1. Could you tell me what percent of the accessible area of segment 105-257 is made up of carbon and sulfur, with a 1.4 Å probe and every protein chain present?
2. Could you bin all the Cα-Cα distances of segment 506-589 into 10 Å bins starting at 0 and give me the percent of pairs in each, rounded to whole numbers?
3. In a Debye calculation with equal point scatterers on the alpha-carbon sites of segment 474-613 and no solvent, what is log10 I(q)/I(0) at q = 0.13, 0.22 Å⁻¹?
4. When ranked by the protection proxy of mean other Cβ atoms within 10 Å per residue, highest first, what sequence do the peptides 453-463, 253-263 form?
5. So if I take the alpha carbon set of segment 376-433, get Rg, then get Rh from the Kirkwood formula, what is the Rg over Rh ratio?
6. Suppose the Debye formula is applied to equal point scatterers at every Cα of segment 66-159; what is log10 I(q)/I(0) at q = 0.17, 0.21 Å⁻¹?
7. Can you give me the long-range amide H partners of Arg365? Hydrogens built in the peptide plane at 1.01 Å from N, cutoff under 5 Å, separation of 5 or more residues or another chain.
8. State the three equivalent ellipsoid semi-axes of segment 12-70, derived from the C-alpha gyration tensor as the square roots of 5 times its eigenvalues, in descending order and whole Å.
Amino acid sequence: MRSNGCGELRTKHISSNVQLCGWVDRCRDHGGVIFIDLRDWSGTIQITVDPDQGKELFATAENLRNETVLQITGKVRSRPDEAINQKLKTGEIEVLADGLQILNPVIGNLPFTVSIHDDEPIKEELRLRHRYLDLRRERMNQNLRLRHSTIKAARDFLENDNFIEVETPVLTRSTPEGARDYLLPSRVCGGEWFALPQSPQLFKQLLMVGGLERYYQVARCFRDEDLRSDRQPEFTQLDLEMSFMSQEEILELNEKLIAAIWKTVKKVDLKLPFPRMTWHEAMARYGTDRPDTRFGMELIEVNAIFQASGFKVFSGAIAAGGSVKCITVKNGNNTLSNVRIKPGGDIFSEAQKAGAGGLAFIRVREEGEIDTIGAIKENLNDEQKKILLKKTCAEPGDLILFGAGKTEVVNKCLDRVRQFLGQELGLISKNQGKGHWNFLWVLDFPMFEFNTEEKRLEALHHPFCSPHPEDLGDKSEWQKTLPQARAQAYDLVLNGLEIGGGSLRIHDPELQSQVLKTIGLSSQQAKEQFGFLINALQMGAPPHGGIAFGLDRIVMLLAGEDSIRDTIAFPKTQQARCLMTQAPASVSDGQLKELHINSTWIDQEEIHNDMDS
């Protein structure tokens with residue numbers, strides 16, 4: 001139906017007869033000559049419709065609406081010098097139409113404009129409701145093409161390094177740990193349920209037992225969890241697993257993979273190797289295991305200074321086993337007022353959202369004098385003040401913000417405030433220049449964390465991570481040493497966002513059984529849920545490890561977007577709904593009967609309506 005793409009035409013095509021198809025981006029009547037901007041996947045070209053080419057042709061062009069689907073025939077010619085559009089790749093040429101056919105008109109009013117010339121912000125709800133129209137817009141179209149390029153670059157790299165792609169099941173069994181599963185009732189096995197996979201974790205390990213050695217998959221995964229701008233109920237990850245490779249070899253291979261993607265997609269040469277930091281160091285310096293290292297303002301522990309002070313808020317927190325930490329805001333005296341830090345202020349609000357009661361603060365005046373509202377100053381002697389200023393590197397004009405309490409709350413509070421101020425004060429570079437892509441490996445995570453609600457240990461990543469051998473001792477000590485062991489786990493962080501995580505896996509069946517016991521599974525529960533894995537590990541399982549990258553998040557960062565919804569063709573809302581198809585939706589009683597289930601859901605609105613009537 002067409003000889004060329006609209007955006008492919010150049011001056012070398014002048015005098016060529018072409019046949020084009022696309023959408024009317026906009027239509028203009030200039031003194032009896034009609035100009036149509038015709039748009040397709042490749043770009044936009046100006047079509048000129050002259051009345052000298054025929055009255056019928058001109059009459060059709062006069063009544064065209066934006067987004068009408070057209071087929072155009074005509075000859076490529078140069079634009080007059082004064083009409084050249086340097087903003088378009090096709091801006092030096094146009095097509096003089098000698099034929100025009102409407103392939104499909106637009107019926108009714110468009111919910112929003114699509115034109116490349118229009119950058120009006122559109123409400124996301126409206127965009128998602130009419131996603132098929134939103135996808136025509138240049139921003140979304142380019143994001144999806146960038147997504148394709150990212151996946152293709154990954155595939156090319158991995159397949160050149162002897163990886164093979166294997167599809168793993170989407171219908172599987174529900175297993176503990178992680179987020180909630182999406183469950184599907186079985187029609188043929190009444191009373192039994194499938195779960196959609198949160199990841200292909202166990203299957204890819206079994207592929208290693210099966211001798212495939214190097215596996216990858218662009219895998220669809222599902223988690224029934226509360227949503228944010230960088231989360232979706234269904235998402236895509238680039239999943240890898242490798243046999244007979246050390247942790248160091250896995251990290252090096254994945255650095256090269258990321259570098260290949262950035263080189264292909266962004267034409268950027270990343271510096272290798274990426275920096276590395278232990279989990280404990282990340283928590284101590286940044287209060288988070290996914291630190292944004294594009295700016296300073298690191299957390300500083302000052303327990304020793306305040307431990308014996310008369311300021312009971314601080315000394316009491318330390319005595320209870322907590323911490324006092326602070327961050328130094330350079331020139332903060334001039335940029336941040338007391339109103340913003342005290343109750344009702346935006347900085348105070350950020351601390352509260354992280355679970356803190358608020359923030360204490362000190363302002364450094366001339367000659368190192370400190371000033372504060374409250375009791376901090378009065379409970380510090382001159383020597384303690386000097387130590388505090390030296391440790392925080394605070395100078396006249398600087399502001400010191402303090403958090404005190406349980407260490408995990410202090411970390412979370414100051415991390416959130418630090419990130420807020422990093423954006424607020426322009427400390428995070430938004431250009432594409434040096435230092436924009438700050439990658440970081442975070443290593444040596446704890447194997448377990450304590451679940452206070454269930455009063456038990458749970459795996460920090462998942463219960464298949466291999467512990468550091470030096471933390472274990474011999475088998476007789478595993479029950480005692482495992483809870484404090486470090487995992488041979490690693491996360492890749494980019495600009496404060498985790499883009500991938502993995503570990504070396506347990507390939508010893510006895511050790512795997514002990515880990516499952518440590519997280520509270522009885523022998524019977526472990527056998528029922530993971531018996532197939534234990535059996536496989538007893539059949540000559542090789543040492544293996546892997547990683548999974550969040551493709552949606554990677555593309556979001558590459559595209560410079562703030563939400564992964566702008567990198568997914570048909571995303572869900574934060575309520576896990578598809579506004580376009582109105583999913584999820586109710587089903588018939590007959591369908592439920594076939595699946596041997598009854599719904600206990602009570603529609604509160606219907607109850608209220610019944611009561612009103």
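1. The computed percentage sits at 49.
2. Reading upward from the zero bin: 14, 23, 15, 28, 19.
3. -0.97, -1.26
4. For the peptides 453-463, 253-263, the packing ranking is 253-263, 453-463.
5. 1.07
6. Listed by q, the Debye log ratios stand at -1.03, -1.13.
7. Ile370, Asp371, Gly397
8. Gyration-tensor ellipsoid for segment 12-70: 18, 15, 10 Å.
The values are calculated or read from the model by the stated rules, or taken from the named source; none is laboratory data. Keep in mind that this is a model prediction, so the values were computed, not measured. With ideal geometry, Cβ positions are generated from the backbone for all residues, glycine too; neighbour counts draw on all protein chains shown. The protein model used for the area step is the full one, side chains on, heavy atoms only, and it has no ligands, DNA or RNA in it. Shrake-Rupley method; radii C 1.70, N 1.55, O 1.52, S 1.80 Å.
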